[in-house]
Structures are given as C-alpha cells and as structure tokens.
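Engineer: Once you've had a glance at the structure underneath, I'll fire off some questions.
The values are calculated or read from the model by the stated rules, or taken from the named source; none is laboratory data. Here the structure is a predicted model, which means the values were calculated and not measured. Note: ideal-geometry Cβ built from the backbone for every residue, glycine included; neighbour counts use all protein chains shown.
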Amino acid sequence: MHYAKAVFIGEVLEVREATKSEREEYSNAYIVRMRVDRYWKGIKSSEINVETDMTGCGPYFRVGEKFLVYGMGKRLNTACSGTCKLEYAEKDLKALGPGKGFKAK
C-alpha cells in the first residue's frame with residue numbers, strides 16, 4: 001500500500017483496448033473503468049480508470065468482477081502491483097482496515 005498511488009475496491013464496468021494515442025503515451029494494452037466501492041488512498045471520484053496488460057502478472061479484469069486494486073504511478077498501472085480479485089484479498093483487507101466510502105447524494 002505504501003508504494004501505490006491509489007488503493008481501492010472496485011467493480012469492473014468496462015474493459016477496452018487502449019487507443020493508438022494512449023499506447024504512444026506508454027499506456028498498457030487495456031484501460032479498465034471501475035466503480036469504486038471503498039478506498040484507502042488516492043481516490044477522488046466514484047469511478048476511475050486503471051491500466052493493465054492482462055498478461056503475465058497483470059490481473060485479468062472482467063466486467064462485473066470486484067478487485068482490490070493497487071494502482072501504481074500516474075496512470076494507475078495494475079500490472080505486478082498486488083491487485084487481486086476481492087475473494088482472494090482477505091489478508092490484505094484485514095491489514096488495510098475499514099477504508100472509506102462515498103456518501104450517497
């Protein structure tokens with residue numbers, strides 16, 4: 001958590017390939033739009049985009065699934081960050097504590 005720019009639990013809303021211009025700016029192959037359920041740091045809105053390669057050590061995101069996300073760097077890269085499906089995050093969640101949620105408007 002100390003090295004991550006953002007730490008949150010989010011549900012995958014959309015997974016899309018990065019555009020050519022996004023890739024030219026050192027983007028990963030995929031952009032993932034997520035709805036934030038709970039957060040610990042680095043989150044200012046209830047929806048956020050993260051990046052991933054969805055190969056190697058990057059998580060494989062699917063619409064409707066929930067993840068504990070450790071976003072690294074300016075573009076919140078999730079590859080090799082410790083990001084995992086929420087069902088496998090019990091130990092991390094215990095260490096993180098309750099976190100914060102967004103108030104209903």
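Engineer: Has the stretch 15-28 got any residue that is assigned to a strand (DSSP E or B), surrounded by 15 or more Cβ atoms within 10 Å (Cβ to Cβ), in contact with a strand residue (DSSP E or B) (Cβ under 7 Å, 6 or more places away or on another chain) and in contact (Cβ under 8 Å) with a residue 12 or more places away in the chain?
Structural biologist: Our first condition is that a residue be assigned to a strand (DSSP E or B); within the stretch 15-28, this holds for 15-17.
Keeping just the survivors that are surrounded by 15 or more Cβ atoms within 10 Å (Cβ to Cβ) gives 15.
Subsequent filtering for residues that are in contact with a strand residue (DSSP E or B) (Cβ under 7 Å, 6 or more places away or on another chain) retains 15.
Now restrict to residues that are in contact (Cβ under 8 Å) with a residue 12 or more places away in the chain: 15.
Within the stretch 15-28 (the criterion being assigned to a strand (DSSP E or B), surrounded by 15 or more Cβ atoms within 10 Å (Cβ to Cβ), in contact with a strand residue (DSSP E or B) (Cβ under 7 Å, 6 or more places away or on another chain) and in contact (Cβ under 8 Å) with a residue 12 or more places away in the chain), the answer is yes, since at least one residue qualifies.
Engineer: Check Val69 against each of (1) part of a strand (DSSP E or B); (2) farther than 14 Å from Val15 by Cβ and name the one condition it does not meet.
Structural biologist: All conditions are met except number (2).
Engineer: Continuing with this model, one more query. With the condition kept exactly as written, say whether any residue in the stretch 29-50 is modelled with pLDDT under 90, farther than 17 Å from Leu96 by Cβ, surrounded by fewer than 21 Cβ atoms within 10 Å (Cβ to Cβ) and not aromatic (Phe, Trp, Tyr).
Structural biologist: Yes, because at least one residue in the stretch 29-50 is modelled with pLDDT under 90, farther than 17 Å from Leu96 by Cβ, surrounded by fewer than 21 Cβ atoms within 10 Å (Cβ to Cβ) and not aromatic (Phe, Trp, Tyr).
Engineer: Between Tyr88, Tyr60, which is closer than 18 Å to Ala18 by Cα, of a type outside the set (Asp, Glu) and without any contact (Cβ under 8 Å) to a residue 24 or more places away in the chain?
Structural biologist: Details: Tyr88 fails: closer than 18 Å to Ala18 by Cα.
Sole residue among the options that is closer than 18 Å to Ala18 by Cα, of a type outside the set (Asp, Glu) and without any contact (Cβ under 8 Å) to a residue 24 or more places away in the chain: Tyr60.
Engineer: I'd like to know if the stretch 29-42 contains one or more residues that are under 9 Å from the mean Cα position of the chain (by Cα) and of a type outside the set (A, V, I, L, M).
Structural biologist: Checking the stretch 29-42: at least one residue is under 9 Å from the mean Cα position of the chain (by Cα) and of a type outside the set (A, V, I, L, M).
Engineer: For the condition charged (D, E, K, R) and touching a helix residue (DSSP H, G or I) at 6+ places or on another chain (Cβ under 9 Å), what is the one hit in Glu22, Glu14, Glu51? I'd like the intermediate steps shown before the answer.
Structural biologist: Numbers: Glu22 fails: touching a helix residue (DSSP H, G or I) at 6+ places or on another chain (Cβ under 9 Å); Glu14 fails: touching a helix residue (DSSP H, G or I) at 6+ places or on another chain (Cβ under 9 Å).
Of Glu22, Glu14, Glu51, the one residue that is charged (D, E, K, R) and touching a helix residue (DSSP H, G or I) at 6+ places or on another chain (Cβ under 9 Å) is Glu51.
Engineer: Next question. Just the residues that are in contact with a Gly (Cβ under 9 Å, 6 or more places away or on another chain) and in a loop (DSSP other than H, G, I, E, B), please, taken from the stretch 77-88.
Structural biologist: Those that are in contact with a Gly (Cβ under 9 Å, 6 or more places away or on another chain) and in a loop (DSSP other than H, G, I, E, B): Thr78, Ala79, Cys80, Ser81, Thr83.
Engineer: Tell me whether the stretch 52-72 contains one or more residues that are surrounded by fewer than 18 Cβ atoms within 10 Å (Cβ to Cβ), of a type outside the set (S, T, N, Q) and more than 15 Å from the chain's Cα centre (by Cα).
Structural biologist: Within the stretch 52-72 (the criterion being surrounded by fewer than 18 Cβ atoms within 10 Å (Cβ to Cβ), of a type outside the set (S, T, N, Q) and more than 15 Å from the chain's Cα centre (by Cα)), the answer is yes, since at least one residue qualifies.
Engineer: A further question on this structure: So which residues in the stretch 1-14 are surrounded by fewer than 17 Cβ atoms within 10 Å (Cβ to Cβ) and under 16 Å from Gly73 (Cβ atoms)? Quick ask: steps written out before the conclusion?
Structural biologist: First pass over the stretch 1-14, keeping only residues surrounded by fewer than 17 Cβ atoms within 10 Å (Cβ to Cβ): 1-3, 5, 11, 13-14.
Listed by number, the residues that qualify are Met1, His2, Tyr3, Lys5.
Engineer: Of a type in the set (Lys, Arg) and modelled with pLDDT of 95 or more, is that true of Lys74?
Structural biologist: The answer is no for Lys74.
Engineer: Identify, by number, the condition in (1) touching a residue at least 60 places away in the same chain (Cβ under 8 Å); (2) exposed (fewer than 15 other Cβ atoms within 10 Å of the Cβ); (3) closer than 12 Å to Val7 by Cα that Gly101 doesn't meet.
Structural biologist: (3)
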